[in-house]
Amino acid sequence: MTGDMLINYALGILFFPLISFIVLIFVGKRLPRQGDIIGIGTIILTLILSLAMFGSMLLSHDPGFRHEASFTWMDLGDFEIRLGFLIDNITIIMLLVVSLISTMTHIFSTKYMEGDIRYSRYFAYLGLFTFSMNGIVLANNLVSLYIFWELVGVSSYLLIGHWFEKDSAADASKKAFLTNRVGDIGFFIGLMLVFTALGTFNYAEVFEGVAKGAMSGTLLTLAGIGLFMGAVGKSSQFPLHIWLPDAMEGPTPVSALMHAATMVAAGVYLSVRLFPLFTPEALLFIAYIGGFTAIFAATIAITQNDIKKVLAYSTISQLGYMILAVGTGAYVAGFFHLVTHAMFKACLFYGSGSVIHAMHHALHNLKDHDTDPQDMRNMGGFKSKMPITYWTMLVATLAISGVPLFSGFLSKDAILAGTLSFASHHPQHFLLPVFGFSAALITAFYMFRLIFMTFHNQPKLPNVYSDIHESPKPMVFPLILLSSLSVFIFYTLPYFNPLSDHGWFMELIKAKDSMVPGSPSAHDIAEGMHHSHTLTMILSILVASLGILLSWSVYIKNSVSADTWSKRLDLYYNLSLNKYYFDENYNKYLYQPFLRLANRVSYIDWDLYDKYFINGFGHITKWLSIVTGRTDYDGLDQTIVDGIGRSMGKVGSSLKEIQTGRLQNYMLFALFGVIIIIIFQSF
Amino acid sequence: MYNILSWIIWIPVLGMVAIAFIPREKQDLIKRAAAVTTGLQLLVAIVLWSTFDATNGSFQFMERAEWIPSLGISYILGVDGLSLPMVALNALIAFIGVFVSWNIDRAVKGYFALFLLLDTGIMGVFLSLDFFLFYVFWEVMLLPMYFLIGMWGGPQREYAAIKFFLYTLFGSVLMLIALLALYFACGETFDMQLMMERAPFALDGVVWWGMSAIKVIWVLLFIGFAIKVPVFPFHTWLPLAHVEAPTAISVVLAGILLKLGVYGMLRINYTMLPDAVWWFAGTLALLGMINVIWGAMCALAQKDLKKMVAYSSINHMGYLLLGMAAVIAGGSANGSNLMAAQAGINGAVFQMFNHGTISAMLFILVGVIYEQAHHRDIEGFGGLASQMPIYTAIVALAFFAGLGLPGLSGFVSEAMCLIGAFPVFRTIVIISTIGILLNAAYFLWAFQRMFFGKLNQKYTKLVDINNRELFTVIPLLVITIFLGIYPRPFLDMIKETMNILIDQVAVVGGIAGIF
């Protein structure tokens, strides 16, 4: 495929979903089926174009492929901004991921959202979201990136707040947007630092500048950390992770799209794209943020009872892995995990959606509005009722737990190898692999906890259970497809070794050297990972099996009682259950004090400064006007102003009084002015 | 095209005369006459925009006539890339303003006569190239504004009107002093082009009471203009005036009047006293930062929707001040960074225009809900999204424009201002970026309280935005979206003039180089 053709394809991929958005927003309600056909049609076109690009990438098999096209968006002479596309193998794979998951979400939603009051609006927003996300993927410069970055923010705001009648949904959407904006402040500062130093926004030119040393040292580190702050917000990393769990208020298919495969992945994508400009110091910062998030979120997921909340924290934790990979230099592994995770996490979200959908219907039939359809303590034994949902979710769970034969094993292994190799070069950072491996252990534990509590054991609510049914075809199809894509073979072809990530993916995505002088080369990093591969594999299989075994003994065998242990570890259990009280503390120590401060500022502005200080001048003037009102001007002035007053209508008499005095003062002032100037001039 | 600028200025006066002859009972005819007048003016403005030569940054369509030759006062008009967008904006806002005023039913004749007079005053300020004429128009504009707020406003209208009047008058006095000082310094001429040439040299080294004359005049002019912008701490008249003014007048006030201050600074302070720009830029940036943060904090605390929007204006003008301050990056003292200077100053003028369209839109939308609900208490609504879906969608767009969402014009200009100011005022700009969060916070919070949640049962009878109201908002919305996606048509129009301005400040200021 030629470059120009690729650009045309990319234009199609970008704009088809936007067309769907525009059509559905304006006429969606009047179309048959409220226009969901338009949404699905355009997204399938997008998928076909992405597949075509993907196919041509496989055929040409060129790891160094890249094509760029830009246009002048703004040209002020010296200040010029060019926006455009960058298409390389990372772009193409990412486009396919976004289009695929978005297509699945569209299909899944036709049933899941059936009968929704804003059905057409929902599909419109999906289009806007896909457009924005593909915009991020295609950007070849920081300005485009920032523009689409924010558009993703706003479309997520609209989707999370889809059921805005619920206060919790409205709160969650606002929280998501604002938390993201905290990160965006850093992003914008980073962007300004880069532009000020290098005079360009284009990735390639920025990297070139960095390689030449036009920007280096602390400044570059700060710029890198600033830009990374954007990723912290979008990818829900500690300490800005608070928005993602709340965002589960949105419809479940949306969670699959945004909180598994796309929006949250945007932060990782940004870090992967900008990897060449991160200094070793910035990377270390990134590694610790990612590593800590991975373990921190996992320890929360372990005690959650809401099925979507478990997945939410699991997502945060997995994103932490990807960020950790970037930080340790193994950014290709991070990107690999992004892709595999997109498949199995989306599958898990759809699975949870399928379960919730079934619960919802059962509860609806029982006219039970109090039981929480998302609480796993109300489930159990669904295995026989929802076999497809069960088996697909199980496959995805095996993948996320890092069990061999599944995709997650390969990508997680690569990341852990990266951390291990990093720690062997820098022993003082031994915590990073510790974070990684313990998070893997906990992940296997809580993911199987989810499976066991939902699908195994005796049903907790037998009357609800009896009414549970497998979901309809449009909901089951995405589950089957995505769980299949969680098998290793799709990532290792043309090879069949389930224990090695060697395959088309690793051949087409080659790590590039960092542009920062003095950084370890991509070759060294790959070499290090290769050396620690075997050890990593043994360790990771070990922790995964341990986690699954523990989970099995607690939730199936009941040889270890969860209750007893939660009582024994009371303090920790409560911390985890309450998410370490982050929301409460942010509210208490940041949000509320800030609101109070705003109120205080407003009070100072309006009730003190304006009322006493500014109006004080008024009172002085009024007094002056009474004095001067008895001067010669009086008669003249009264006549003029009264004349105007009468012709224009009724103006309060008090008003006139002040105004009269004012005009006199004004003329007096003016006279003074003239005199002063004349005196000046005579010098 | 003969005397096109005079036509733009005086068409409203012709309309005013026509309205004077219409009997006061024929309210509809009066309104239509006003609509035709402003519509005609808008057409002429569009012709002006399309015939303007964007490759030439200096004054075009010049008109020159003797007025009071003995005092060096003449009637000089001209338009360049700085005034052109303001003229276009004013023509548009005035036209829209007539339709926003359609529900006025008290003293209709007086209202529209004053409205048209205000229009003439504003156009005159933007197009005058004689400082005396500029000043006359500046004062002409004050009087109708005073009566429009004082007679057709809300419950506290008289207090608000008098406060607006006194405050602005105070500024005018300072301006008058500066005007006279410049007049004598430049060899007794009010011709602004001559003054621009002469003032930097004539005042070079002049000292009054141990202070440089340039600085003194700069400060006098600055305060005079800062009141209009408004720049902290001269801003408190604005929320009051907005809250009390009728909707259309709020629209004109926020859409145009606030820009006059900025226009004055760029047209007069920057060109006649370029040396002082260097001296004052730091303060200007600092004030910009305070405007951004202070305005946003106050907006966050407001319960009254209109007051919130008013404070958001203060917040938005802060970005603009930052962009204006960035002009010194183009000079030799800091090493020339033309990129930053261009981004900043073009961003500032772009922000003038964008704030004009966005804030006008916001005030119209506040008026729409006020007409029906008869209050503006943010907490008093709730769940309107399901009752008024079209209105909700438009408010959402306007709010997103206000909070600087990319894809809408406000983002482009705010980002340009920040990027431009950053190399020169690093810390100030970094603190100002907190505004990115605060803007979003107050707009989204207000949006949630008004539109989300369960519908307040009091409001089940509210009807969605009507066609007349849509007609007033849609043009502004289209401009906001278009310039947000593709800002070039606007920026290409102004950039040559801005390059001249940068030269004036950087080169002339650099030559005189007394600071």
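Since every read-out is calculated from the coordinates, none of them should be taken as a lab result. Just so it is clear, the structure is predicted and the values come from calculations on it, not from any experiment. With ideal geometry, Cβ positions are generated from the backbone for all residues, glycine too; neighbour counts draw on all protein chains shown.
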Give me the angle, in degrees from 0 to 90, between the Cα long axis of helix A:280-301 and the longest principal axis of the Cα atoms of chain A, rounded to the nearest 10.
70
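Quick check on packing: order B:6-19, B:117-130, A:334-347 by the mean number of other C-beta atoms within 10 Å, highest mean leading. Walk me through the intermediate numbers first.
Numbers: B:6-19: 20.3, B:117-130: 26.1, A:334-347: 27.8.
Put in order of decreasing packing, that is A:334-347, B:117-130, B:6-19.
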Kirkwood Rh over alpha-carbon pairs of region A:78-150, then Stokes-Einstein at 10 °C and 1.306 mPa s: what D in µm² s⁻¹, rounded to an integer?
115
Value of Rg/Rh across region B:169-308 [Cα atoms, Kirkwood radius]
1.04
Cα-Cα pairs of region B:275-515 separated by more than 24 Å (percent):
48
Taking Cα atoms only, helix B:409-421 is inclined relative to the longest principal axis of chain B by an angle, in degrees rounded to 10, of 30
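Quantify how much of the Cα-Cα distance distribution of the protein assembly as shown extends past 58 Å, in percent. Mind showing how you got there, number by number?
Numbers: 151331 of 717003 pairs.
Here the tail beyond 58 Å accounts for 21 percent of pairs.
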For B:293-303, what's the mean count of beta carbons from other chains sitting within 10 Å of each residue's beta carbon?
5
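Starting from the coordinates of the alpha-carbon atoms of region B:1-99, obtain the Kirkwood hydrodynamic radius over all distinct pairs and give the value in Å to one decimal. Mind dumping the intermediate values first?
On the way: mean 1/r = 0.0671 Å⁻¹.
Evaluated on region B:1-99, it is 14.9 Å.
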Relative frequency of Cα-Cα separations exceeding 15 Å in region A:415-473, percent
66
Kindly flag which residue pairs out of A:K308/A:K557; A:K308/A:K383; A:K308/A:K460; B:K109/B:K495; A:K345/B:K454; A:K29/B:K303 have an alpha-carbon separation exceeding 30 Å in this structure.
B:K109/B:K495; A:K345/B:K454; A:K29/B:K303
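Sorted by packing (mean other beta-carbon atoms within 10 Å per residue), highest first, where do A:445-457, A:254-266, B:197-209 land? Working shown, then result.
Numbers: A:445-457: 22.7, A:254-266: 29.2, B:197-209: 16.3.
Ranked by mean Cβ neighbours within 10 Å, highest first: A:254-266, A:445-457, B:197-209.
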Listed with the fewest Cβ neighbours within 10 Å leading, A:R181, A:R377 appear as A:R377, A:R181
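What is the ratio of the Cα radius of gyration of chain A to 2.2 N^0.38 Å, with N the residue count, to two decimals? Kindly include the intermediate steps, with their values, before the conclusion.
On the way: Rg = 30.7 Å, N = 683, 2.2 N^0.38 = 26.3 Å.
Relative to the 2.2 N^0.38 Å estimate, chain A comes out at 1.17.
Per Stokes-Einstein, at 20 °C and 1.002 mPa s, what whole-number D in µm² s⁻¹ belongs to region A:249-393, with the Kirkwood radius over Cα pairs as the hydrodynamic radius?
Details: Rh = 16.3 Å.
D = 131 µm²/s.
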In Å, what Rg and Dmax follow from the Cα atoms of chain B?
22.0, 71
Out of residues 5 or more away from A:L83 or on other chains, whose amide H comes under 5 Å of its own, with H placed 1.01 Å from N in the peptide plane?
A:F71, A:W73
Hey, fewest Cβ within 10 Å first, where do A:E165, B:E496, A:E527 land in order?
A:E527, A:E165, B:E496
Could you state the angle between the C-alpha long axis of helix B:192-202 and the longest principal axis of the C-alpha atoms of chain B, as a value from 0 to 90 degrees rounded to the nearest 10?
50
Exposure proxy ranking, count of Cβ atoms within 10 Å, fewest first, for B:K109, B:K215, A:K611, A:K234:
A:K611, B:K109, B:K215, A:K234
Aspartates and glutamates near B:K26 by alpha-carbon distance under 12 Å, same-chain residues fewer than 8 away left out - which ones?
B:D105
